[in-house]
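Participant: Pasting in a structure now, in structure tokens, and then I'll have a few things to ask.
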Amino acid sequence: MAAPGGLMARAVGGFQPEGIHVTPWQYTPQGWTMLVSWQTGDAKLGSSGAPPQPYDPSKVPGMVKYGRQQGMLDSTATGKTDIVYSYKYDGRCGGNTYQSPIIHHVLVKGLSPGATYSYVVGNPGDGFSKELNLKVPPAVGQLPLRLAMVGDMGETPYSARVVDNMVVSDSDIVLMLGDLTYAGNHELEMQLANNKLTFAAYNARYPGPPLLKSSPDAINVSPNYGSLFLGSGGRFKNEQWVQTNSSYYSVDVSGAHIVSMSNYVSYAPFVLVPWGKDSKQYSWLVADLASVNHGQMPWLLVMVHSAPRHSFVDHYKEMEEFMSLYEPIFYKSRVDMVLSGHVHAAEITAAQYNYSVDPCGVVYMTVGTGGTAEGPSRSFIDAKPPSYCKDPSQFDVPDYQPSPSGRALPTFQDGLLCPASQPKWSLFRDPTMGHGLLTLHNSTHADWQWYHTTDSRGKPTKQVWVIKDPDCSVGAAAQQQQQDS
């Protein structure tokens with residue numbers, strides 16, 4: 001619902017908390033550290049000639065009161081990360097200045113794995129939120145683990161239904177697969193005129209887990225964090241300028257090592273994190289995957305927004321250059337699953353390598369089904385083939401999916417750019433909205449369930465089992481990949 005001035009209407013008043021969310025931060029022998037975040041106060045929008053005054057965060061301190069029993073919140077955590085931010089729109093967007101609410105972040109440490117806590121956020125002077133429940137993930141190395149997943153949400157009635165269904169499905173953690181919001185062209189904020197800020201809103205609200213284990217309490221909420229504005233030339237002058245935590249990182253959760261990557265590079269006038277072979281992200285990923293203890297972390301998952309393997313017309317084969325570099329690494333390192341959004345539909349594949357079913361390969365899950373106002377991706381590539389399927393010379397990649405080479409890289413299977421029927425590696429596909437639920441039952445068995453927005457709550461419409469081949473050890477997969485190449 002819109003409020004006067006074009007801002008979203010609030011559900012609370014004054015400096016009462018809203019937008020409360022929790023991020024798994026770090027696991028230690030002393031228990032889990034969780035980041036609890038929320039905002040207070042009204043956003044302000046005014047003319048740039050007389051911009052609205054920012055709030056003073058020191059006058060509205062953030063506090064979390066929590067305990068193991070409802071109504072008995074006998075522990076307190078406070079934080080120093082209470083912030084505000086502002087940005088100015090250029091004349092094309094009204095020439096106004098936006099001033100944020102106060103964003104609060106508090107680290108709550110030493111939480112018992114698998115336990116449920118009751119908590120409130122706020123402060124005594126301005127009031128606390130209603131009492132909420134927090135379910136702590138299992139200890140590292142312990143299974144089962146339930147991971148809900150969805151991407152491409154926005155704010156629509158479908159988005160609200162997806163969130164409601166995710167709550168009912170009772171997951172331990174929700175994995176957001178990109179395009180959480182659709183403001184300012186997917187939060188790229190290209191309309192900003194002052195200081196060339198990028199991702200100011202997102203990074204203020206959703207800081208990622210620490211990349212450096214030596215700095216577990218570092219909460220970086222600054223703009224330009226993971227992306228850097230370099231002017232219309234579009235050249236990445238110095239990668240050392242880029243802080244990496246919001247762009248790529250890994251975290252251990254229960255028996256899963258979860259990696260988050262960025263597949264976007266130079267997007268004029270912005271330059272995002274490079275992923276080419278000479279990039280920091282590439283060298284970091286190779287080292288990170290090599291360091292995984294597969295005995296303690298039997299499941300290895302990679303999140304990347306654009307879907308590398310799917311059979312829809314939208315965004316078809318846009319990731320081929322990316323995959324030409326990273327698919328052999330995924331295979332050699334025994335990555336189990338790659339989770340993506342971008343395509344506004346659901347699809348799960350068989351384990352595969354280079355578009356061929358392979359028991360030692362990777363399972364690809366596409367779940368860009370969060371309810372975006374852009375609507376679902378309804379066309380299968382084999383049902384409504386574009387003209388480039390017959391004339392591959394017409395195939396190109398869009399501006400929003402550039403590559404280091406700057407050209408399209410079409411690949412062919414059985415001499416065809418596009419399949420004539422549903423590929424053998426495509427186990428299930430659905431051009432509608434909903435969310436997925438991945439349950440890692442033990443070190444070898446997992447299942448993925450699809451929850452459609454129109455289904456009765458708590459009842460999935462599809463279930464696909466993922467069972468590891470015991471012969472696919474890390475060494476065996478690397479040897480097979482070497483033979484294939």
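The values are calculated or read from the model by the stated rules, or taken from the named source; none is laboratory data. Note that the coordinates shown come from a computational prediction; the quantities given were computed from them, not determined experimentally. Quick note on the areas: whole protein, heavy atoms, side chains included, nothing else; ligands and nucleic acids left out. Shrake-Rupley method; radii C 1.70, N 1.55, O 1.52, S 1.80 Å.
Participant: Using heavy-atom solvent-accessible surface (probe 1.4 Å) with all chains present, what is the largest-first order of Trp299, Trp284?
Facilitator: Trp284, Trp299
Participant: Here's something else I'd like to know. For Gln296 and Gln463 in the same chain, what is the full-extension length gain: residue separation times 0.36 nm, less their Cα-Cα distance, in nm? Present the calculation step by step, with values, prior to reporting the outcome.
Facilitator: Values: separation 167, 0.36 × 167 = 60.12 nm, distance 2.64 nm.
Full-extension gain reported as 57.5 nm.
Participant: Also: For a quick check: with amide H placed at 1.01 Å from N, whose amide H comes under 5 Å from Met63's, ignoring anything fewer than 5 positions away on the same chain?
Facilitator: Gly122
Participant: Quick one: grab the alpha carbon gyration tensor of the stretch 272-391, order the square roots of its eigenvalues as a ≥ b ≥ c, and give me rounded if a/c is under 1.5, else prolate or oblate depending on whether a/b is larger than b/c.
Facilitator: Because a/c hits 1.5 or more and a/b exceeds b/c, the stretch 272-391 counts as prolate.
Participant: For Lys88, go through the lysines and keep the ones whose alpha-carbon is under 24 Å away, minus same-chain ones fewer than eight residues off.
Facilitator: Lys44, Lys196
Participant: Reachable aspartates and glutamates from Lys280, Cα under 19 Å, same-chain residues fewer than 8 places away excluded?
Facilitator: Partners within reach: Glu239, Asp288, Glu321, Glu327.
Participant: Grab the Cα-Cα distance for Ser48 and Ser112, subtract it from 0.36 nm times how many residues apart they are, and report the gain in nm with one decimal.
Facilitator: Full extension from Ser48 to Ser112 adds 18.2 nm.
Participant: So, one more: Solvent-accessible area of Tyr282, probe 1.4 Å, all protein chains present, reported in Å² to the nearest ten, please.
Facilitator: Approximately 40 Å² of Tyr282 is accessible to the 1.4 Å probe.
Participant: I'd like the accessible area for Met433: 1.4 Å probe, protein heavy atoms, all chains in place, Å² to the nearest 10.
Facilitator: 10
Participant: With the cut-off at 23 Å, tell me which of the pairs Lys59/Lys130; Lys277/Lys424; Lys424/Lys468 have Cα atoms farther apart than that.
Facilitator: Lys277/Lys424
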